[in-house]
Amino acid sequence: MPRILVIDDEKAIRNTLKDVLEYEKYEVDLAEEGISGIEMYSQGHYDAVLCDIKMAKMDGIEVLQKLQELSADVPVIMISGHGNIDTAVDSIKKGAFDFLEKPLDLNRLLITIRNALERGSLITQTKVLKKQVSRKYEIVGSSPAIRVVTEMIDRVAPTEARVLITGANGTGKELVAHQIHEKSSRAKGPFVEVNCAAIPSELIESELFGHEKGSFTSAIKQRIGKFEQANGGTIFLDEVGDMSLAAQAKVLRALQENKITRVGSDRDIQVDVRVIAATNKNIREEIDRNTFREDLYHRLSVILIHVPSLNERTEDIPLLAEHFNTLICNEYGMSPKKVSQDAIAELQKIRWTGNIREFRNVLERLIILCPSEITGRDVVTYAHPVSGFEGS
């Protein structure tokens, strides 16, 4: 049942609001002035607050500001018998959810409270989803090899430096990119990911920079490219070593001038984007083969971060097993499985050709196939290469 706090120095209004709101199945607490209202709010959870503006000792605007210091997300509905446009605008500017004039229109009051509670619910859901996303991109481990990476992220993230992330497939290069973005001043901006290996070479320019309607046969409408979508945030060029030379030339220009041009247009578009790139290739070898531009490599690799393979950090396997056990079991709506010490020992013996990606898949397989506890015998049976399973 939603809880609502009513702060008003008029007893008749307090009691009327209590009767109306309790009839609508809300739980209601009353405070006769601002100071006691703030104290009540600090000691209990409320889903919304109704607060009068004109009160003795502390006026409603000051109460609003104090409540926001306690919880920036609480929806506060201001009410006043001395309402005017300036008062309403001032309260909204200072963070009130809405402003209602006395005598209160009960229909409008109830609709406003319903909307405030829905917004509060959405904010809560958004926070939960953000935590889930954050956990999805968490870098798990305490080995010396992974600590080098996390320390580098902490140093680099607050800057605007371009970063090139290297490492084998499945090591978690995209996690590093996400962490750099989340710890940067651009965290509130978009994070746009482009898998350069998955886009045909003839379409990658359109994907990155967009195109104008009619610029080629299938261009039936204008398209905004990934660089424009990432404006004010970060663009992550995954598998950048697979990008065509023609696209590389355009990316180089975008990095040099902070400008892009859509396919089929001659108009420059200014963009403010931080570029993070990743590759599993040896870019130096690609340069020698003339398949990658050396000048682009130098532009991208202001900072180089190499992500170690799982075989280089087997001491992290217990933590990784715990992390994925919790994550996967939550996804399946089950309690985490017990993982025995001999299972961990067997997991540490495996040569992980697919790195973290393969490890996650193997653990998911074990969670599905093992009834309660994952044992060393289970690992040998279902995960070890001799069983015929090579990971995926």
Applied in sequence order to the range 372-380, the curve 6.51 cos²θ - 1.76 cosθ + 1.60 (Karplus, θ = phi - 60°) yields integer Hz couplings, x standing for Gly and Pro, of 9, 10, 8, 10, x, 4, 4, 4, 4
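Going highest first, how would you order 151-161, 318-328 by mean Cβ packing within 10 Å? Walk me through the numbers before you get to the answer.
On the way: 151-161: 14.9, 318-328: 17.9.
Final packing ranking: 318-328, 151-161.
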Cross-link pairs beyond the 19 Å C-alpha cut-off, checked among 173/281; 226/250; 11/93: 11/93
Qualifying chymotrypsin sites (Phe, Trp or Tyr not before Pro) for the range 151-233 [loop in DSSP, other Cβ within 10 Å: at most 13]: 216
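Below 12 angstrom from the Cβ of residue 291, what's the summed charge of the other residues (Lys, Arg +1; Asp, Glu -1)?
Working: positive: 281, 284, 289, 293; negative: 242, 285, 286, 288, 294.
Every neighbour counted, the sum reads -1.
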Taking R0 as 56 Å, what's the FRET efficiency between residue 294 and residue 143 from their Cβ-Cβ distance, rounded to 0.05? 0.95
Cut-off 10 angstrom, C-alpha nodes, Gaussian network model of the chain. Which of 70, 296, 164 fluctuates the most? 70
Sorted from fewest to most neighbouring beta carbons within 10 Å, what does the list 378, 19 look like? 19, 378
Just to confirm a number: summing +1 for Lys and Arg and -1 for Asp and Glu over residues other than residue 204 whose beta-carbon lies under 12 angstrom from that of residue 204, what do you get? -3
Theoretical FRET efficiency, 1/(1+(r/R0)^6), r = Cβ-Cβ of residue 23 and residue 246, R0 56 Å, to 0.05: 0.20
Which order do 368, 165, 269, 220 fall in if you start with the one that has the fewest other Cβ atoms within 10 Å? 220, 368, 269, 165
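Could you tell me the relative contact order of the range 144-308? Use alpha-carbon pairs under 8 Å, at least six residues apart, and round to a whole percent.
Values: 305 pairs, mean separation 56.1, N = 165.
Over the range 144-308, the number comes to 34 percent.
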Among 124, 150, 314, which one moves the most in a GNM of the chain with springs linking Cα atoms closer than 10 Å? 124
The chain: angle of helix 34-43 to the longest principal axis, Cα-based, in degrees nearest 10: 40 degrees
Put a dot 7 Å past each Cα toward the Cβ at residue 169 and residue 342; how far apart are the dots in nm? 3.4 nm
Please give, to one decimal in nm, the separation of the simple spin-label points placed at residue 136 and residue 57, each 7 Å out from Cα toward the Cβ. 4.8 nm
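Let me check against my output: what whole-number percent is the relative contact order of the chain, with C-alpha pairs under 8 Å and at least 6 apart?
Values: 639 pairs, mean separation 48.6, N = 392.
Contact order relative to length: 12 percent.
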Counting only DSSP loop positions in the range 32-114, the trypsin sites (Lys or Arg not before Pro) whose Cβ has at most 15 other Cβ atoms within 10 Å are 57, 94
Sequence-distant or interchain residues sharing an amide H contact under 5 Å with residue 28, placed H: which? 4
Hey, what angle do you get for helix 245-257 against the long axis of the chain, alpha-carbon based, 0 to 90 degrees rounded to 10? 50 degrees
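Residues with beta-carbon under 11 Å from that of residue 242, excluding residue 242: net charge, scoring Lys, Arg +1 and Asp, Glu -1?
Values: positive: 281; negative: 238, 239, 286.
So the environment of residue 242 carries a net charge of -2.
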Using only Cα atoms, tell me the angle between helix 144-156 and the longest principal axis of the chain; keep it within 0 to 90° and round to the nearest 10. 60 degrees
Starting from a Cα-only point model with no solvent, please compute log10 I(q)/I(0) by Debye for the range 311-387 at q = 0.11, 0.21, 0.23 1/Å. -0.23, -0.88, -1.07
Could you please rank 272, 29, placing first whichever residue has the fewest other Cβ atoms within 10 Å of its Cβ? 272, 29
Residues with amide H under 5 Å of residue 374's amide H, sequence separation 5 or more or different chain, H placed in the peptide plane at 1.01 Å from N; which? 338, 339, 340
Between residue 90 and residue 115, what is the spin-label point distance in nm, taking each point 7 Å from the Cα along the Cα→C-beta axis? 2.3 nm
For the range 20-83 the mean separation of alpha carbon contacts under 8 Å (6+ apart) over residue count, i.e. relative contact order in percent, is 33 percent
Using Cα-only point scatterers and the Debye equation, what is log10 of I(q)/I(0) for the chain at each q in 0.11, 0.14 Å⁻¹, rounded to two decimals? -0.94, -1.07
Tell me which of 107, 254, 15 sits at the most positive position along the dipole axis of the chain, charges placed on C-beta atoms (Lys, Arg +1; Asp, Glu -1). 254
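Each reported figure results from applying straightforward, stated rules to the coordinates on display, with no laboratory input. Keep in mind it's a predicted model, so treat the numbers as computed, not measured. Using ideal geometry, Cβ is built from the backbone for each residue, glycine included, and neighbour counts are taken over all protein chains shown.
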